[in-house]
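The values are calculated or read from the model by the stated rules, or taken from the named source; none is laboratory data. Since the structure is predicted, the reported quantities are computational estimates derived from the model, not experimental observations. Please note: Cβ atoms are built from the backbone with ideal geometry, for glycine as well, and neighbour counts cover all protein chains shown.
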Amino acid sequence: MFLLLVSATEFEIRETAIWLNNRPVSVNVPNPELLISGIGQLQTAHALQKKIHSQRPDLVLQAGFGGSASPEDLGKTFAIGSDRIADLGVMGKTGFRNIFDLGLDRADRFPFREGKLENPYRLLLDWSGLPILEGITVNEIKSADFAGFQRNQDPVVESMEGAALHYVCLMEKVPFLQIRSVSNILGERDKSRWKLKEAGKSLHESLVFLIQKFEKTDETIFRI
């Protein structure tokens with residue numbers, strides 16, 4: 001089976017890439033292919049769509065760092081059960097209103113469900129063995145002014161690419177799994193307090209576990 005491993009930057013999966021290059025590989029079990037998509041939703045959507053059309057994967061695994069509002073999440077890796085574009089809308093005097101609040105789109109128009117891009121592959125999420133959180137995807141990382149649309153939600157992991165993965169894979173009907181290791185607290189721009197080393201270690205360990213597990217599994221985990 002063909003596993004496509006996607007990350008916005010080489011830095012986030014550097015340790016895993018080194019591990020893949022140095023381990024013995026069986027002819028019957030090829031290494032996952034790495035796709036460095038670039039930062040943000042546009043680059044990710046284009047790179048992923050182009051790759052899917054040229055060589056359709058059995059599973060797309062997106063991995064990277066993210067932010068969380070909870071200090072307890074620092075250095076931990078999560079599977080993302082659903083993602084949404086958190087800053088697509090209008091910030092007015094009364095607060096933020098997304099495109100669904102504004103009536104510009106329907107919150108249940110495929111691939112959205114109640115305004116979210118859910119991962120319908122529940123067996124995959126359970127198979128990962130990781131705790132599951134919701135994700136939000138943003139274009140602008142805010143510090144002091146953190147915009148109520150993020151603070152007023154359930155616990156989430158923030159990235160700049162997750163929603164693009166969910167959207168493209170849902171539209172193309174390709175099984176997918178997004179995992180994020182929390183490197184920083186949302187809204188905090190003091191990088192001296194970030195836990196990049198711990199997040200990198202956790203992400204690498206999770207990826208090694210999932211890649212090895214993928215090589216021994218069967219296609220039943222790809223059922224909806």
Original post:
Of all residues in region 4-49 being within 19 Å of Glu215 (Cβ to Cβ) and hydroxyl-bearing (Ser, Thr, Tyr), which is modelled with the lowest pLDDT?
Top reply: Ser26
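How many residues does region 170-185 contain that are basic (Lys, Arg) and surrounded by 23 or more Cβ atoms within 10 Å (Cβ to Cβ)? Please lay out each step first, then the result.
In the first step, residues of region 170-185 are kept if they are basic (Lys, Arg); the result is 173, 180.
Then keep just the ones that are surrounded by 23 or more Cβ atoms within 10 Å (Cβ to Cβ); that gives 180.
The total comes to 1.
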**OP:** Considering every residue within region 13-23, establish whether at least one is of a type in the set (Asp, Glu), part of a helix (DSSP H, G or I) and without any contact (Cβ under 8 Å) to a residue 24 or more places away in the chain.
**Re:** no
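Check whether at least one residue in region 78-96 is exposed (fewer than 13 other Cβ atoms within 10 Å of the Cβ) and among the aliphatic types (A, V, I, L, M), and report yes or no.
Yes, the conditions are met somewhere in region 78-96.
Picking from Ser70, Ser128, Ser82, which residue would you name as being closer than 30 Å to Asn21 by Cα and among the hydroxyl-bearing types (Ser, Thr, Tyr)?
Exactly one of Ser70, Ser128, Ser82 is closer than 30 Å to Asn21 by Cα and among the hydroxyl-bearing types (Ser, Thr, Tyr), namely Ser128.
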Subject >> Enumeration of residues in region 186-217 that are touching a residue at least 60 places away in the same chain (Cβ under 8 Å), crowded, with 18+ Cβ neighbours inside 10 Å and either part of a helix (DSSP H, G or I) or of a type in the set (Phe, Trp, Tyr) (or both) >> reply: Ala199, Gly200, Ser202, Leu203, His204, Ser206, Leu207, Leu210, Ile211, Phe214
Subject >> Any pair with Cβ under 8 angstrom, 6 or more apart, that starts in region 169-180 at a residue that is at pLDDT 95 or above and ends at one that is part of a helix (DSSP H, G or I) and of a type in the set (Ser, Thr, Tyr) >> reply: Leu177/Ser128; Ile179/Ser128; Ile179/Ser206
**OP:** Provide a single number: the residues in region 98-142 that are crowded, with 18+ Cβ neighbours inside 10 Å, over 26 Å from Ser206 (Cα atoms) and not hydrophobic (A, V, I, L, M, F, W, C).
**Re:** 1
**OP:** Collect the residues in region 110-128 that are out of contact with any Ser or Thr (no Cβ under 9 Å at 6 or more places or on another chain) and either assigned to a strand (DSSP E or B) or among the small types (Gly, Ala, Ser) (or both), keeping them in residue-number order.
**Re:** Gly115
